[in-house]
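First the structure, in the form of structure tokens, and then the observations on it.
The values are calculated or read from the model by the stated rules, or taken from the named source; none is laboratory data. Values in this document were obtained by computation on a predicted structure and should not be read as measured data. A quick note on method: Cβ atoms are made from the backbone with ideal geometry, for glycine too, and the neighbour counts reach across all protein chains shown.
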Amino acid sequence: MTFTAFDSWWWPYLFVLAAGTLATDIWRFLGVYLGGRIRDDSELLVLIRALATALVAAVIGNLIVFPTGALADAPLLLRIVSVLLGFIAYLKFGKLVLVGIVVAEAVLIGGLSLIDLNV
Amino acid sequence: MNDDALANPAGPPDHFRWFFRGMVASVSVPGLILISAFVGFAGLAREAGVSVAQAVFMTGLVWALPAKVVLIGAIMAGSSLPAAALAVALSSVRLTPMVVALMPELRSDRGRPLTLYLLSHFVAVTSWVIAMEKVRDIPREMRTSWYSGLGGSLVVANMLVVALVYAIAGSLPPILSAALLLLTPIYFLTSLWGSAREAASHYAMIFGMILGPLFHLITPGFDLMAAGSIGGGAAYLLHRSRKGQSTE
């Protein structure tokens, strides 16, 4: 039952609907239903947010350490340094997401260009 | 996006005007950053072997970007449908408190519950941030129309972005493709860090980023769930114990 398990054209869409749409909209609908009934600062929500954040962070970590495509050809150290410097710049300069993106991309592109020149 | 008519069939001109103002509100710095994140998503989807139609479909019907990135991660790992759904569901729990926070603002006496359920699909980080910031300036009866315009145009614009970028991603020079694929992790690292409400989420990010790759080596296929539950649980406990110390 993986994404590529069946040849039929509709299977990937069904997969997305079940594992994507249903799995996200169920929480949105629950939010509408609960309305103002749960407190936003309840301890349970703190735990749930921590679990959800760690899961997304694990995906981020995997995208950096085990990337696919052209990014996989960049050395691991360069990938980590790019993200780290981007993140430090983000923290230093007013927590602007755009600053983090620009710095990380500049370091990666600069590093890859230098490697290209030396080959 | 016909929610305008759904919200109130009685008074089209005003609702139309506020729907349009919602569309205008989507043109913003968070909106532009979101587009750059979807540029990255299109590159990621292509690398994962997802077709352009499937990637656009995912953009419209899943919408929340962390959920889609987890879904793509599960597809690349060859996860089964229940495992993928569980990982996506766990990554999306945070949508509930976001919707809970937004709904009292959108609700009005004449509004129908169905409208709110339909509109809740537009809730993801960016539209939520813009709405929480501006919704109080909108007349209450017009808020659902306004949010339809905001959420609807963000969704449609990014479906177009994904289609366009997917089409050109294959002809990019290798350095630019690599840069494209770095967009998703750096976007999420910074935007998630900024949206964290409490220290527990910051600990969870650090633990998750280290444990994710570690569990990828130890238990491939089960890495996201393991890193999420162990990293998140440890972050929560650390948060509790430090909070306990500081109040003593």
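Residue pairs whose Cβ atoms lie under 7 Å apart, separated by 6 or more positions or on different chains, with the first residue in region B:153-167 and in the same structural domain as B:W63 (by TED's automatic domain parsing) and part of a helix (DSSP H, G or I) and the second among the charged types (D, E, K, R) and buried (at least 20 other Cβ atoms within 10 Å of the Cβ), are B:Y166/B:R46. Please enumerate the residues belonging to region B:32-53 that are within 13 Å of B:L160 (Cα to Cα) and free of Cβ contacts under 8 Å to residues at least 12 places away in the same chain. The one that is within 13 Å of B:L160 (Cα to Cα) and free of Cβ contacts under 8 Å to residues at least 12 places away in the same chain: B:A53. The numbered conditions (1) part of a helix (DSSP H, G or I); (2) at the interface with chain A (Cβ under 10 Å from one of its Cβ atoms); (3) surrounded by fewer than 20 Cβ atoms within 10 Å (Cβ to Cβ); (4) under 20 Å from the mean Cα position of the chain (by Cα) are all true for B:R197 except (1).
Among the residues of region B:201-209, are any within 11 Å of chain A (Cβ to nearest Cβ), part of a loop (DSSP other than H, G, I, E, B), buried (at least 16 other Cβ atoms within 10 Å of the Cβ) and within 18 Å of the chain's Cα centre (by Cα)?
Narrowing region B:201-209 to residues within 11 Å of chain A (Cβ to nearest Cβ): B:201-209.
From what is left, the residues that are part of a loop (DSSP other than H, G, I, E, B) are none.
Scanning region B:201-209 turns up no residue that is within 11 Å of chain A (Cβ to nearest Cβ), part of a loop (DSSP other than H, G, I, E, B), buried (at least 16 other Cβ atoms within 10 Å of the Cβ) and within 18 Å of the chain's Cα centre (by Cα).
Residues checked against (1) outside any helix (DSSP H, G or I); (2) more than 19 Å from the chain's Cα centre (by Cα):
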{"position": "B:W18", "(1), (2)": "no, yes"}
{"position": "B:A25", "(1), (2)": "no, no"}
{"position": "B:I35", "(1), (2)": "no, no"}
{"position": "B:W63", "(1), (2)": "yes, no"}
{"position": "B:V69", "(1), (2)": "no, no"}
{"position": "B:A83", "(1), (2)": "no, yes"}
{"position": "B:L90", "(1), (2)": "no, no"}
{"position": "B:L102", "(1), (2)": "no, no"}
{"position": "B:L114", "(1), (2)": "no, yes"}
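Would you check which residues across region A:9-19 are more than 7 Å from every other protein chain (Cβ to nearest Cβ) and either surrounded by 16 or more Cβ atoms within 10 Å (Cβ to Cβ) or in contact with a helix residue (DSSP H, G or I) (Cβ under 9 Å, 6 or more places away or on another chain) (or both) and list them? Scanning region A:9-19 gives A:W11, A:L14.
Restricting to region B:112-135, name every residue that is among the polar types (S, T, N, Q) and either more than 21 Å from B:F38 (Cα to Cα) or without any contact (Cβ under 8 Å) to a residue 60 or more places away in the chain (or both). Let's see the steps before the verdict.
Of the residues in region B:112-135, the ones among the polar types (S, T, N, Q) are B:115, B:120, B:126-127.
Answer for region B:112-135, where residues must be among the polar types (S, T, N, Q) and either more than 21 Å from B:F38 (Cα to Cα) or without any contact (Cβ under 8 Å) to a residue 60 or more places away in the chain (or both): B:T115, B:S120.
Looking at region A:20-35, can you tell me whether even one residue there is crowded, with 18+ Cβ neighbours inside 10 Å, under 22 Å from B:I75 (Cβ atoms) and among the β-branched types (V, I, T)? Checked region A:20-35: at least one residue is crowded, with 18+ Cβ neighbours inside 10 Å, under 22 Å from B:I75 (Cβ atoms) and among the β-branched types (V, I, T).
Say we look at region B:99-109 and pick out the residues that are within 25 Å of B:A200 (Cα to Cα) and facing another protein chain (nearest Cβ under 7 Å); which of these is surrounded by the most Cβ atoms within 10 Å (Cβ to Cβ)?
Applying the filter and picking the extreme gives B:V99.
Of the residues making up region B:149-172, those that are β-branched (V, I, T), touching a Phe, Trp or Tyr at 6+ places or on another chain (Cβ under 7 Å) and over 24 Å from B:D14 (Cα atoms) are B:V161, B:V162. Counting only residues that are charged (D, E, K, R) and within 21 Å of the chain's Cα centre (by Cα), which one in region B:116-141 is surrounded by the most Cβ atoms within 10 Å (Cβ to Cβ)? Checking each candidate, the answer is B:K134.
Of the residues contained in region B:181-191, none is found to be outside any helix (DSSP H, G or I), within 24 Å of A:L55 (Cα to Cα) and either without any contact (Cβ under 8 Å) to a residue 24 or more places away in the chain or in the same structural domain as B:L237 (by TED's automatic domain parsing) (or both).
Entry remark, region A:61-111: residues being assigned to a loop (DSSP other than H, G, I, E, B), facing chain B (nearest Cβ under 9 Å), hydrophobic (A, V, I, L, M, F, W, C) and more than 15 Å from the chain's Cα centre (by Cα) number 2 in total. Looking only at region B:142-175, how many residues end up being more than 19 Å from the chain's Cα centre (by Cα), among the aliphatic types (A, V, I, L, M) and surrounded by fewer than 16 Cβ atoms within 10 Å (Cβ to Cβ)? Residues in region B:142-175 being more than 19 Å from the chain's Cα centre (by Cα), among the aliphatic types (A, V, I, L, M) and surrounded by fewer than 16 Cβ atoms within 10 Å (Cβ to Cβ): 4 in total. When A:A58, A:A23 are checked against the criterion of being at the interface with chain B (Cβ under 7 Å from one of its Cβ atoms), within 14 Å of B:V93 (Cα to Cα) and part of a helix (DSSP H, G or I), a single residue qualifies: A:A23.
Take the residues in region B:116-130 that are hydrophobic (A, V, I, L, M, F, W, C) and in a loop (DSSP other than H, G, I, E, B), then tell me which one is modelled with the lowest pLDDT. Give the derivation first.
Quick first cut of region B:116-130, residues hydrophobic (A, V, I, L, M, F, W, C) only: B:116, B:118-119, B:122-125, B:128-130.
Within this subset, residues satisfying the condition of being in a loop (DSSP other than H, G, I, E, B) are B:122-124.
Details: B:F122: 96, B:V123: 93, B:A124: 89.
So, considering only residues that are hydrophobic (A, V, I, L, M, F, W, C) and in a loop (DSSP other than H, G, I, E, B), the one modelled with the lowest pLDDT is B:A124.
Filtering region B:59-76 to residues that are touching a residue at least 60 places away in the same chain (Cβ under 8 Å) and buried (at least 20 other Cβ atoms within 10 Å of the Cβ) leaves B:T59, B:W63, B:A64, B:L65, B:P66, B:V69, B:V70, B:G73, B:A74.
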